[in-house]
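Read the structure below first, then the notes.
The values are calculated or read from the model by the stated rules, or taken from the named source; none is laboratory data. Just so it is clear, the structure is predicted and the values come from calculations on it, not from any experiment. A quick note on method: Cβ atoms are made from the backbone with ideal geometry, for glycine too, and the neighbour counts reach across all protein chains shown. Calculation scope for accessible area: heavy atoms of the full protein, side chains included, ligands and nucleic acids excluded. Shrake-Rupley method; radii C 1.70, N 1.55, O 1.52, S 1.80 Å.
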Amino acid sequence: MRHLLLSRLLRGRSSLPNHHHHLPLLRALSSAPSPISSDAELRKYAGYALLLLGCGAATYYSFPFPADALHKKAVPFKYAPLPEDLHAVSNWSGTHEVHTRVLLQPDSVEALEDALAAAHKERRRLRPLGSGLSPNGLALTRAGMVNLALMDQVLDVDVKKKTVTVQAGIRVAELVDALREHGLTLQNFASIREQQVGGFTQVGAHGTGARLPPVDEQVISMKLVTPAKGTIELSREKDPELFYLARCGLGGLGVVAEVTLQCVERHQLVEHTFVSNADEVKKNHKKWLSENKHIKYLWIPYTDAVVVVKCNPPSKWRTPKLTSKYGKDDALQHVCDLYRESLKKYRTEAESNDPEIDTLSFTEDHVVRINKAEAEYWKKSEGYRMGWSDEILGFDCGGQQWVSENCFPTGTLGNPSMKDLDFIENLLQLIEKEDIPAPAPIEQRWTARSKSPMSPASSSEEDAIFSWVGIIMYLPTSDARQRKEITEEFFNYRSLTQTSLWDDYSAYEHWAKIEVPKDKDELAELQARLRKRFPVDAYNKARMELDPNKVLSNAKLEKLFPVLEPVHQAK
């Protein structure tokens, strides 16, 4: 829905009349030179015409059309074709892309071992790719990548212990389907289910629920293929220190080939969606966090609307009426009608000569209206629905977008600090103060702590809880100029959020969403900041032991975790 409205927004914005654009053309026409009078000028322009015809003829005969060209439909030229051996790999938002000639797909642990051993010997890069979905392109490098899509088998299911062992290339959706016949499922899910399980766990993905940890906590053992030491098996019993470090290892310590996950019984959930406001949320927040298995808030900037989404087992409900006030299509149509009225009103105002209209900012005149339309959509969509947990907990991210998501501590389950709501209140005030064109929603979720030291939610406090807050800007257009403008606006938004909030709340970005700054001073600040929160030296030491030639690395990993002191390897 948001993607649809924003697409219409951009089309509407580009089609608005702007009479000022015609002024330079009128001036040019009024000052055009008189008709050509001299023979010299006539010969000059005749020469240009002949030159143009000659170039056209030369091009035609140098690149003749095929015999069936007259019967083919013309296709607008976009990009030069890539060489057959060159692979274009892009993340799902189209914000990061690389071209590489090395993209391996081993179909066994042995083939993966051979590939990494060869790369180690030849000192060349072979970065684990996963599904390549990370918004920041964490896995991408043009030097070479390895994808485990052909290693996607379920190896063992232990129904009694509720565990499953899989090859790490299996996608979350495929794993859930395979577990269904055994009456099992995963404990929690991120927004989408297209990730490969290896990448899903390595970046510390998460769902929501103050009693539920990030997904790396579901890992109870793994088989890690390393460039220097071959295949090693890790668990809580086998080398626990390295095991916990490698669970959220960002693909830098080895390629996860196989993983054993702790599952739960397959279950249904009742989802209750309703629109509240900031005061009501503050009043009930502690109770809601404690009572609901899954809960999230969707804050809508420039409105007082907060969409609350609660998910619980059916036994917690007294047979609620599992319907919404309106059908999904009806709700969407209602909002589209509201937006059309708003756009029509704006066009009418824009054509007027009222000087006050010219002072309206893009934020005031478009983003505010579309956010209000979204709030109306959610009000029309209030209600209940019931389904299997994997169906209920997944949701549409809304299309291509820039995103920054931060994780920060917010007390314990028994004693929440309320910093999570303070963060949001300050963020919404910042948006309005700086006139940021912030679209909806600002998504807020919660997890329990993780024992993986590289997780943004890592903590030694057993009942610690963390809040995850994501800000976005959609990219609903393929127009390069518009995407550039949106990108610049987003990074301004992110920068203002960083300088105003991150340090005060000890907030750190999700590993799959952290963007590496281009400015050297900003990069140095980021590196120092990461060292305060994470065991960077221990992580780099493990990298140098398992991958001394940096086969698994890329530019992003090297910039985030530079090795400050050289590590001497025995020859």
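Odds and ends about this structure:
- Some residue of region 441-456 being part of a strand (DSSP E or B), touching a residue at least 40 places away in the same chain (Cβ under 8 Å) and among the hydroxyl-bearing types (Ser, Thr, Tyr): yes
- Only a single criterion out of (1) in contact (Cβ under 8 Å) with a residue 40 or more places away in the chain; (2) among the aliphatic types (A, V, I, L, M); (3) farther than 30 Å from Ala210 by Cβ; (4) in contact with a Pro (Cβ under 7 Å, 6 or more places away or on another chain) is not satisfied by Leu523, namely (1).
- Of all residues in region 140-162, those satisfying the criterion of being open to solvent by 20 Å² or more (accessible area, probe 1.4 Å) and not in a loop (DSSP other than H, G, I, E, B) are Val154, Leu155, Asp156, Val157, Asp158.
- For region 362-372, the condition of being open to solvent by 60 Å² or more (accessible area, probe 1.4 Å) and modelled with pLDDT of 90 or more holds for at least one residue.
- Of all residues in region 496-512, those satisfying the criterion of being surrounded by fewer than 19 Cβ atoms within 10 Å (Cβ to Cβ) and among the charged types (D, E, K, R) are Asp503, Asp504.
- Considering region 519-560, the qualifying helices (runs of 4 or more DSSP H), each wholly inside and each with 2 or more residues that are within 23 Å of Leu129 (Cα to Cα) and open to solvent by less than 70 Å² (accessible area, probe 1.4 Å), run over 536-546, 555-560.
- Arg211 passes every criterion in (1) under 27 Å from the mean Cα position of the chain (by Cα); (2) open to solvent by less than 50 Å² (accessible area, probe 1.4 Å) apart from (2).
- Any hit, region 123-139, residues being outside the structural domain of Leu298 (by the TED database), modelled with pLDDT under 95 and open to solvent by 30 Å² or more (accessible area, probe 1.4 Å): yes
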